[in-house]
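Read the structure below first, then the notes.
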Amino acid sequence: MKILLAALALSAAGGACALEIHLPPETATYKPSELPGYQLVQRNCMTCHAAQYASSQPPASPRAYWEATVKKMKKPFGAQFDDADMPAMVDYLVKTYGAERGAIVPAAVAKPVAAAAAVPAASGKDVKTLLAANGCMACHALDQKVVGPGFAEVAARYKGKDSVAAVAANIRSGGAGKWGPVPMPPFSQLSAADAASLAKYVLNR
């Protein structure tokens, strides 16, 4: 009985001292590729888990395995991406991390012409269309934290004359560690003009 009471006392004492754990910022990224699914995976997958998830899967995994994995993320786990994006995401994953590796030319040796076209032209879409097309509201809300910070919190932090340029650059390049452990994937497919439109919208909340 004395031993049990002592164990309970130690347990209670340990509970009084809260253990605080700080995770390092996420630095891993998905392997660059010219495949359309690369940008989709960057945008949709890193909001919930690290890029190591893909690289830690069995390298001989066939296409059916990756299809099942992507579908699992959508349901039951509730990942916020369109069903229409799944085939391209699966194609990138199986050709980059699975059984069909080597079926494509790595982005590092792609033709220089492709690199020159890396910055797209302005789309002409309005802000609400840009928000929907890029899944912004899956991770952000106007005035509260979801996965990432609320737009009002971003506006408060970046208040100043160069704020539009700074926020637009962050949107296109992504990042980690600024708002917590969950990284924001890069949205480099956005033109500078579209990123600036989104930045102005965020900063005006």
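The values are calculated or read from the model by the stated rules, or taken from the named source; none is laboratory data. Quick caveat, the model's predicted, so the values are computed rather than measured. No Cβ is skipped: glycine too gets one built from the backbone with ideal geometry, and neighbour counts run over all protein chains shown. Side chains included, ligands, DNA and RNA excluded: accessible areas come from the protein's heavy atoms. Shrake-Rupley method; radii C 1.70, N 1.55, O 1.52, S 1.80 Å.
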Report every pair of residues separated by at least 6 positions or lying on different chains whose Cβ atoms are under 6 Å apart, first residue within region 83-94 and touching a residue at least 12 places away in the same chain (Cβ under 8 Å) and crowded, with 19+ Cβ neighbours inside 10 Å, second part of a helix (DSSP H, G or I) and charged (D, E, K, R). Val90/Glu67; Val94/Arg63
Mind listing whichever residues of region 56-80 are modelled with pLDDT of 85 or more and not in a helix (DSSP H, G or I)? Pro62
Under 8 Å between Cβ atoms, which residue pairs at least 6 apart in sequence (or on different chains) link something in region 128-146 that is open to solvent by 50 Å² or more (accessible area, probe 1.4 Å) with a partner that is part of a strand (DSSP E or B)? Val146/His140
What residue, of Ala169, Ala155, is open to solvent by 20 Å² or more (accessible area, probe 1.4 Å) and either at pLDDT 85 or above or of a type outside the set (Gly, Ala, Ser) (or both)? Ala169
Among the listed residues Tyr30, Tyr53, identify the single one that is of a type in the set (Ser, Thr, Tyr), within 28 Å of Gly135 (Cβ to Cβ), modelled with pLDDT of 80 or more and in a helix (DSSP H, G or I). Tyr53
Conditions first: (1) over 23 Å from Ala84 (Cβ atoms); (2) part of a loop (DSSP other than H, G, I, E, B); (3) among the charged types (D, E, K, R). Lys125 passes all but one, so which condition is the exception? (1)
